[in-house]
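Presented below is the structure to which this report refers.
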Amino acid sequence: MDRCEKICRLDDLLKPFGFQYVPGEDVVTTTLDAWQREFGYCAFFDETAVHFQMVFDCEPIYFDYGQKTWLIEFWKGQYGLNTGGEVGIYRADTLINPGERRSAVFHSIPDEELLPISLELYKNGRRKCRLQRKHWWLTGFCVGEYSEPEELTMRVSITFPEEEMLECFYEGLKNAGYRTCELCVGCKTIFFTMKTPHGSQPRRRAAGKGRWQQWKNLMFCRLYQLVTSPFSCTLDKILYLYFLLPGSCRRMLRMGRNVFPGRKGI
């Protein structure tokens, strides 16, 4: 197959899982119409992630705007066979008291409220991917690469439709522990870097389980690299694995947060 045909074939494989291949970055990202969009998000998913081989840092930012409570959350870490970073934008239908936010379910935003997002993921100072698009859940996954969350740094920018909304999010970041010197604002866009999260991390409360899951993640990544060693790029590696071991390929494509209870992958 030529390169265009391979990309089309890989996108056909990824689409049922809510993802697509990004040729210029050699990573996998979320599609705008991913099936996960119909589900909301809440703190429970972060609390249970380590039990599903997802060991990541998370930074939920809550703020009130337009008579609704919003949740913009950031993640970076290891998702089974994949090193990745994520930015998710959700909101509730009403205002939610601060004491109830951790138990509330937030909904994915509709098309008319999508925000321009930029995500750059670095591992030990080396850039792994850069993605920029209007989205509700922008992700970048490096397939078959192993990382500890502490090795990863994510640089993010978000552009808001109104200065008032930006100011509300800015205050949400400060309430979460970010200092003014860590934030840069200009032209309705905010820029900041997520290295060491300011909030408490659910994975720390299950440290033993996390170490066990990371050991398994490391072994699977090494096995993936061994089996696909004749090829150098993700496009060829995944297609090769699909034709060689289709069952293992489907398991690998369950990246991101699509294996939680109530959000089962394919």
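Coordinate-derived values only; no laboratory data. What you see is a predicted model; the values in this text were computed from it and never measured. Virtual Cβ from ideal backbone geometry, glycine too; neighbours counted across all protein chains shown.
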Check your understanding: Against the longest principal axis of the chain, how steep is helix 3-14, in degrees 0 to 90 to the nearest 10, with axes from Cα atoms?
Key -> 60 degrees
Review point. Fully extended, how many nm does the chain gain between Val227 and Arg102 (0.36 nm per residue separation, minus their Cα-Cα distance)?
Key: 40.8 nm
Review point. With a sphere of radius 13 Å drawn around the Cβ of Glu162, what net charge do the other residues whose Cβ falls strictly inside it have (Lys, Arg +1; Asp, Glu -1)?
Key: -3
Exercise for review: For Gln132 and Gln67, calculate 0.36 nm times their separation in residues minus their Cα-Cα distance, and state this gained length in nm to one decimal.
Suggested key: 20.6 nm
Study note, to complete from the structure: Surrounding charge for Pro116, neighbours by C-beta under 10 angstrom, Lys/Arg +1, Asp/Glu -1, total +3
Point to revise | Full-extension gain in nm, Met219 to Arg204, via 0.36 nm per residue minus C-alpha separation | key: 3.2 nm
Exercise for review: Please report how many Lys pairs in segment 3-252 have alpha carbons closer than 12 angstrom, counting only residues at least 8 apart along the chain or sitting on separate chains.
Suggested key: 4
Study note, to complete from the structure: Nearest 10, in degrees from 0 to 90: the angle of helix 207-227 to the longest Cα principal axis of the chain is 40 degrees
Check your understanding: So, how do all the Cα-to-Cα distances of the chain break down into 10 Å bins, in percent, from 0 on up?
Key -> 7, 31, 37, 19, 6, 0
Practice item. Would you mind computing, in nm to one decimal, how far apart the modelled labels at Asn175 and Cys4 are, each placed 7 Å from Cα along Cα→Cβ? Key: 5.1 nm
Check your understanding: Taking the chain as a Gaussian network, Cα atoms linked when under 10 Å apart, which of Cys181, Cys168, Cys58 shows the biggest mean-square fluctuation?
Key -> Cys181
Revision key, fill the gap. Checking Trp35, Trp137, Trp75 against a Gaussian network model of the chain (alpha-carbon springs below 10 Å), the top fluctuating residue turns out to be Trp35
Review point. In terms of the Cα gyration tensor, with a ≥ b ≥ c the square roots of its eigenvalues, is segment 8-49 rounded because a/c is under 1.5, prolate because a/b exceeds b/c, or oblate?
Key: prolate
Exercise for review: Name the most mobile residue of Arg179, Arg102, Arg130, meaning the one with the largest mean-square fluctuation, in a Gaussian network model of the chain with Cα contacts below 10 Å.
Suggested key: Arg179
Practice item. Let me have the relative contact order for the chain, percent, based on Cα pairs under 8 Å that are six or more residues apart. Key: 22 percent
Review point. What does the helix-only formula give at 222 nm for the chain: each DSSP H stretch with n ≥ 4 adding -39500 (n - 2.57), the total divided by the residues, and the result rounded to the nearest 500 deg cm²/dmol?
Key: -8000 deg cm²/dmol
